[in-house]
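To start, the structure under review is shown below, and the notes come after it.
The values are calculated or read from the model by the stated rules, or taken from the named source; none is laboratory data. Keep in mind that this is a model prediction, so the values were computed, not measured. Note that we place each Cβ from the backbone using ideal geometry, even for glycine, and neighbour counts take in every protein chain shown.
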């Protein structure tokens with residue numbers, strides 16, 4: 001058991017744990033060895049990273065158990081139940097496996113509050129989204145529960161393709177968050193703050209516009225009529241201008257000290273990361289809040305529609321109609337937003353620092369080796385010829401050294 005506990009430690013602290021277990025064999029009495037091992041386990045448990053890892057594991061296990069309970073409660077009812085159970089299973093597996101893979105390939109998380117907050121917020125948003133989607137599928141798939149409250153349409157079977165694409169993108173969301181917050185990615189905490197802050201602003205504005213999705217029955221009850229127009233303009237600005245501004249700001253804040261990368265390449269990396277974070281975090285926020293609002297429409301009716309007296313039949317039919325017509329638009333946001341942010345961030349960063357990066361790597365004007373097939377020209381004449389030859393030799397040597405490293 002003691003060695004199993006030691007495996008929970010980071011790689012750089014496992015030798016310390018192994019030393020504790022090895023020294024336990026030198027204690028003469030059995031009672032003394034037990035006390036030694038108990039003290040070693042207590043020292044490991046007091047480590048801050050150990051406490052954090054155990055806490056996170058317990059919280060994730062509780063969330064996974066809750067999702068499984070929601071997905072498997074009651075009897076099977078066809079298409080909706082199948083979708084829910086597959087979705088929950090893949091989500092739990094992805095959230096459990098991807099952190100281990102990211103840690104192995106990219107190292108542990110950055111020792112920064114913003115990095116830890118981004119990971120925790122990303123996981124919480126994904127779990128909240130899955131809980132809301134489970135409830136929405138139950139609303140759409142069990143119309144007999146609402147039959148006594150009024151007429152409604154039958155739910156459609158749908159297709160597997162949208163759900164498969166959604167789950168693939170979900171794994172991509174988690175992978176991106178884990179990657180940009182890992183130490184070997186060399187994304188700075190400032191970049192995480194810029195991208196994450198812009199994403200939260202985008203997500204909140206989008207949610208204010210479409211708390212009930214977009215569709216025939218979806219409305220923005222808080223912004224009637226033309227009141228919504230200025231907010232829509234702000235949303236478009238944040239969607240298209242947010243990644244651009246975040247990429248420029250994150251790149252300019254980067255001092256070029258992100259590890260062994262050349263300064264311009266480091267700035268490009270910060271710009272791309274900030275651009276995709278704006279839209280990815282924004283999508284997480286709106287796609288978690290929107291479906292959660294739809295799934296709890298009955299409890300939130302008086303908040304969304306103040307002053308309107310709706311009977312249970314009207315509320316139930318509106319809930320069913322919005323679950324089938326308003327929610328699918330969030331899948332479009334889920335798929336499109338990260339692609340938009342990645343494209344804008346990459347184009348902005350390459351336009352701003354691409355030429356500088358090429359020059360630093362010897363591929364731009366004035367750098368790099370000459371054409372190997374070109375005919376050698378006449379030797380330079382004049383007293384400065386030797387100096388030129390020496391400068392050329394030094395430049396060529398530096399180029400070869402940097403390329404080899």
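Scanning the range 281-290 for residues being modelled with pLDDT of 95 or more and surrounded by fewer than 24 Cβ atoms within 10 Å (Cβ to Cβ) gives a total of 1. Restricting the search to the range 221-249, which residues are closer than 30 Å to residue 184 by Cβ and at pLDDT below 95? The answer is none; no residue qualifies. Taking first residues from the range 234-254 that are closer than 16 Å to residue 350 by Cβ and partners that are outside any helix (DSSP H, G or I), the Cβ contacts under 9 Å between residues at least 6 apart in sequence or on separate chains come to 250/187; 250/188; 254/188.
What residue, of 300, 310, 304, 332, is surrounded by fewer than 22 Cβ atoms within 10 Å (Cβ to Cβ), in the same structural domain as residue 123 (by TED's automatic domain parsing) and at pLDDT 85 or above? Only one candidate passes the filter, namely 332. In the range 103-126, the residues that are farther than 21 Å from residue 199 by Cβ reach residues that are in a loop (DSSP other than H, G, I, E, B) with C-beta atoms within less than 7 angstrom, at least six apart or across chains, in these pairs: 108/10. Scan the range 235-278 for residues that are within 22 Å of residue 200 (Cα to Cα), surrounded by fewer than 16 Cβ atoms within 10 Å (Cβ to Cβ) and either touching a helix residue (DSSP H, G or I) at 6+ places or on another chain (Cβ under 8 Å) or not assigned by TED's automatic domain parsing to the domain that holds residue 356 (or both) and the total you get is 3.
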